[in-house]
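Throughout, read-outs are computed from the coordinates displayed, never taken from laboratory work. Every value quoted in this text rests on a predicted model; they were computed, and no experiment measured them. Positions of Cβ are generated from backbone atoms using ideal geometry, with glycine treated the same way; all protein chains shown enter the neighbour counts.
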Amino acid sequence: MRVFVTGGTGAIGGYAVPALVAAGHEVRALARSEAGASALRAQGATPTHVSLFDRNGLAEGFDGCAAVVNLASALPGTASFVRLSAWEECHRIRREGSAAVVDAAIAADVPRVLQESVAMVYADSGDQWIDEESPVDHYPIAAGNHAAEASAHRFTGSGGTGVVLRFGLFYGAGAAHSEQLMALARRRIGFRAGRPDAYVSSIHLADAADAVVSALRAESGTYNIVDDLPVTKRHHTAALAGAVGRHPVVTGPGRAALLLGARTTSLTRSLRVSNKRFRSASGWQPHYASVWEGYAQMARRLDAVPG
Ligand SMILES: NC(=O)c1ccc[n+]([C@@H]2O[C@H](COP(=O)([O-])OP(=O)(O)OC[C@H]3O[C@@H](n4cnc5c(N)ncnc54)[C@H](OP(=O)(O)O)[C@@H]3O)[C@@H](O)[C@H]2O)c1
């Protein structure tokens, strides 16, 4: 089928576009720069220069598409992550961009929209499993995610198939923050934000991309895209250390991250998220069952790349 992707030049898009092409789909993708357009072409997609906020331009680009996959975001980098004002552009993309995508999809008669979201919208659940019916939380940096989810539900309300994908913590070669954590682990510095017994639910970028492909056949609704075995933060640090073969001599910021409250809550809260609904709705299953296998693959992949 013909699929239009926004955010195709990002970390997840860099895996999702080739996965869609490999699955036999004709992929068009939003490009904001010539470098982005070249990267998309190299992956077998057709770049389209259009603004995410230009409804008419988007509707033209969506012509004849059976699905639109909205992966656009602008998360602040590690250095500015805790500054709430650094999230404004990301909120705008998720709030106004998702609304424009849905309006354009309706105008172009596209039957299906997939919208990225994150599993960090759930409330802290301690060691209890979380499914899609579990309560969500409205904290400041989740505002954009809730708005984007609302856009997808509006699309469903208009008669289309709106699918929300709540991704766990991305990792893999190409995800800047996980490459930084792995570089620290090689220097024997462990990263842990929050309590050591809190859970973290992750997803390897390759499995996130396969989930995007599988979601093209899912019914309207919200789905968690996480691996099979969420781990405690203590084990998450150990999995990273094991992948690079270095025992950490220092680990942080630990419980001190809790002092920043809402600014770091997406990283400190305990999230033991289940992927059961999406597995049974789509037949998808993650290749990397947990970060133990996934970080090992990522370390091998980064070792294989010179420089
Ligand atoms: N969820 C998590 O697990 C988590 C946690 C911490 C950090 N992160 C970081 O967040 C990133 C998540 O991956 P991602 O693929 O969602 O993000 P990303 O790698 O930052 O890519 C964002 C995508 O959205 C596009 N975009 C940005 N602004 C846009 C605009 N105004 N209009 C249209 N498109 C726009 C970008 O295009 P351009 O290429 O043109 O810029 C790019 O294609 C990773 O880099 C990761 O390191 C994720």
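Worth a mention:
- Extension gain from Arg277 to Ala66, taking 0.36 nm per residue of separation minus the Cα-Cα distance: 73.6 nm
- Note on the range 2-304: antiparallel DSSP beta bridges, both residues inside, total approximately 10 percent of the bridges counted.
- Paramagnetic label zone (point 7 Å from Cα along Cα-to-C-beta, Gln180; backbone N under 17 Å) in the range 282-307: none
- Estimated distance in nm for a label pair at Arg41 and Trp129, the labels positioned 7 Å out from Cα along Cα-to-Cβ: 4.8
- Our summary of shape: the Cα atoms of the chain have principal axis extents of 55, 43, 39 Å, ordered from largest down, in whole angstrom.
- The packing ranking of peptides 175-184, 110-119, highest mean first, is 110-119, 175-184, where packing means the average number of other beta carbon atoms within 10 angstrom of each residue.
- Between Glu89 and Gln285, the C-beta separation translates, for a Förster distance of 41 Å, into a calculated FRET efficiency of about 0.75.
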